[in-house]
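Here the structure comes first, spelled out in structure tokens, and everything after it is commentary.
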Amino acid sequence: MLQVVPVVAGSREGGRSTELQSVADIPASVESLSVADMAKCVLLLGLSQREADAVAKHGVDGPQLMKLTISQLTEQLNFTPLDASKLARFARGWRPT
């Protein structure tokens, strides 16, 4: 079960925030991404606002995304199987072209 963590929009450890305006702005590794960054990435990947909101609500940052399974994304965050697969591939380095 995922633990819900309070989130302050746009915040990240050390007070730094990443400006993600396009897929090209996303770093190769998601390890450094904050919760707000991950929610933005979900939208940049063409996934739904509902899915971006679920990422934010559950406090999923880059390191947490690396640990999530497709089953957790579909069953606990209510991603569609296709979108869960896309986000899992994204965590491993895939980027749309």
Inset, instruction - Please get the size of the charge dipole for the range 12-97, origin at its Cα centre, with Cβ charges of +1 on Lys and Arg and -1 on Asp and Glu, quoted in debye to the nearest 20. - result: 140 debye
Legend entry - Cα-based reach from residue 40 at 12 Å (exclusive), listing aspartates and glutamates while leaving out same-chain residues under 8 positions away: 19, 25, 51, 53, 61
Legend entry - Rg(Cα)/(2.2 N^0.38 Å) for the range 29-91, N = residue count: 0.93
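Here, each number is a calculation from the coordinates, and none is a lab measurement. Please read all numbers here as calculations on a predicted model, not as lab measurements. FYI the Cβ positions are ideal-geometry reconstructions off the backbone, even for glycines, and counts take in every protein chain you see.
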